[in-house]
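Asker: So that we are looking at the same thing, I have put the structure below in structure tokens.
The values are calculated or read from the model by the stated rules, or taken from the named source; none is laboratory data. In this text, all values refer to a predicted model and were calculated from it rather than measured experimentally. Counting neighbours? That spans all protein chains shown, and the Cβs are built from the backbone with ideal geometry, glycine included. Note: accessible area is taken over every heavy atom of the protein model, side chains too, but ligands, DNA and RNA are not part of it. Shrake-Rupley method; radii C 1.70, N 1.55, O 1.52, S 1.80 Å.
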Amino acid sequence: MAQWLLVAATAFVIMGGALGLRAVQAGTRQMGTIVCMILAFACQLGVLASRGELRGKCPLGDYGEILAFLAWSLVLFYLVVGPTYRISLLGLFTAPVVAIFQLVALIPGMMDRNPSKVEKIDPWGESHAAFSVLSYGAFALAAIAALMFLVLNKKLKEHRLGSSLFRNLPPVRSLLDSVARLTTLGAGILTVGIISAFMMERDDSSGSHLVAAIATWLAYLAVVVMYYWRGITPRRLSISVILVFVLSLLVFAFV
């Protein structure tokens, strides 16, 4: 059941991205992308609910569930901040990332078909896992907004102001504010996850994950501090947000 819902969510996301691309090429706006993302979000909720029922806890027990949860959190933040942007374009940039996460989650073996049900739940452990992965939804969308800024900045420097892509991009100031706010929000959510980690029952295997989470938190905190207090160029902010996101994903893949 969960796999079929994830297939449906992926199909809706791809359809939303295609509609966004068509709208950008035509230089118009339409609501098809956000409708598809809402439908994908509903399917993702079904996936998480089904897997949570099987496990008896927050569905973050394997890489497939983590990727599905991450895709859900990314779509969640997209739906929250989407009205700030020109809808079709943000969906165009977001959809491929969500689709990749979900397609990898669908690879056989990534998601345990018959997970064992947990009898005893550590609420602090559940909070740590849920808030940590949720924060990555904000970080992922911040990275996408940063990529949008780099594209806009490049087009401005090349004086390519007449393209349909340029006409559909949101204002530079709006993009920068969103990158900074999403990064700050993600760092705040990750802070709750780290605090929960210190309160939960830990074993030897959880130590490396906590170290990786703290390292990620410190990296994003450094970016936020440099932006708000020291001042860094918008281009460096965008590149930093993208690099930290990619590197943090690689770190968690090997811990």
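Residue-wise test of (1) at pLDDT below 90; (2) surrounded by 20 or more Cβ atoms within 10 Å (Cβ to Cβ).
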residue	(1), (2)
Met1	yes, no
Ala9	no, yes
Gly16	yes, yes
Val24	yes, yes
Gln44	no, yes
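Asker: Could you check Ser178 against (1) within 19 Å of Met226 (Cα to Cα); (2) at pLDDT 90 or above and say which number it fails?
Answerer: Status for Ser178: all satisfied but (2).
Asker: Name the single residue that is least open to solvent (accessible area, probe 1.4 Å) among those in the range 46-65 being modelled with pLDDT of 90 or more and hydrophobic (A, V, I, L, M, F, W, C).
Answerer: Restricting to residues being modelled with pLDDT of 90 or more and hydrophobic (A, V, I, L, M, F, W, C), the top hit is Val47.
Asker: Please work out which residue is farthest from Ala180 (Cα to Cα), limiting yourself to the range 152-167 and to residues that are surrounded by 15 or more Cβ atoms within 10 Å (Cβ to Cβ) and at pLDDT 65 or above.
Answerer: It comes out as Lys155.
Asker: Being within 23 Å of Leu60 (Cα to Cα), modelled with pLDDT of 90 or more, open to solvent by less than 40 Å² (accessible area, probe 1.4 Å) and assigned to a helix (DSSP H, G or I) narrows it down to one of Ala197, Ala187, so name that one. Can you show your working first?
Answerer: Values: Ala197 fails: modelled with pLDDT of 90 or more.
It is Ala187.
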